[in-house]
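Report on the structure given below.
The values are calculated or read from the model by the stated rules, or taken from the named source; none is laboratory data. What you see is a predicted model; the values in this text were computed from it and never measured. FYI the Cβ positions are ideal-geometry reconstructions off the backbone, even for glycines, and counts take in every protein chain you see.
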Amino acid sequence: MNYIFHKKDTVEINNLKFNEKVLKLFDPEFESPPDGWVRCYFQGRKHCISNGRNQVGCDFPWNQGDNYINSIPELKLIEKQIMLDNESST
């Protein structure tokens with residue numbers, strides 16, 4: 001099952017972890033959950049944010065989330081470019 005789990009500055013998509021900077025470069029409208037909250041998206045099943053005590057439903061289906069899941073190759077390229085940029089600036 002395809003999923004996205006976003007906690008703090010780490011976005012996990014189908015067992016692949018990205019810094020949220022990668023998603024923000026890919027999509028400038030990418031939104032982080034509020035501090036202390038996590039986003040859980042299970043494609044075709046559920047989309048919510050939670051703070052461990054409370055859970056709030058979010059847009060479903062989440063078209064942006066589906067786009068992130070379908071764009072893993074592009075996200076990997078952005079991540080690699082960030083790494084290359086950091087190496088060249090040192």
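Taking the residues in region 40-78 that are of a type in the set (D, E, K, R) and under 19 Å from GLU29 (Cβ atoms) as candidates, determine which candidate is surrounded by the fewest Cβ atoms within 10 Å (Cβ to Cβ).
ASP59
Condition test on LYS17, is it part of a helix (DSSP H, G or I), modelled with pLDDT of 95 or more and not hydroxyl-bearing (Ser, Thr, Tyr)?
So LYS17 does not fit the description; no.
Taking the residues in region 1-10 that are out of contact with any helix residue (DSSP H, G or I) (no Cβ under 6 Å at 6 or more places or on another chain) and in a loop (DSSP other than H, G, I, E, B) as candidates, determine which candidate is farthest from GLU74 (Cα to Cα).
So, considering only residues that are out of contact with any helix residue (DSSP H, G or I) (no Cβ under 6 Å at 6 or more places or on another chain) and in a loop (DSSP other than H, G, I, E, B), the one farthest from GLU74 (Cα to Cα) is LYS8.
A quick yes/no check of all residues on (1) closer than 25 Å to GLN81 by Cα; (2) in contact (Cβ under 8 Å) with a residue 60 or more places away in the chain; (3) assigned to a loop (DSSP other than H, G, I, E, B); (4) more than 12 Å from the chain's Cα centre (by Cα):
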| site | (1), (2), (3), (4) |
| --- | --- |
| GLU12 | yes, no, no, no |
| LEU25 | yes, no, no, no |
| ASP35 | no, no, yes, yes |
| ARG39 | no, no, no, no |
| CYS48 | no, no, no, yes |
| VAL56 | no, no, no, yes |
| ASP59 | no, no, yes, yes |
| GLY65 | yes, yes, no, no |
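Residue by residue, here is whether (1) farther than 16 Å from LYS7 by Cβ; (2) at pLDDT below 95; (3) β-branched (Val, Ile, Thr); (4) in contact with a Lys or Arg (Cβ under 6 Å, 6 or more places away or on another chain) holds:
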| residue | (1), (2), (3), (4) |
| --- | --- |
| CYS48 | no, no, no, no |
| ASN51 | no, no, no, no |
| CYS58 | no, no, no, no |
| GLN64 | yes, no, no, no |
| ILE72 | yes, no, yes, no |
| ASP85 | yes, yes, no, no |
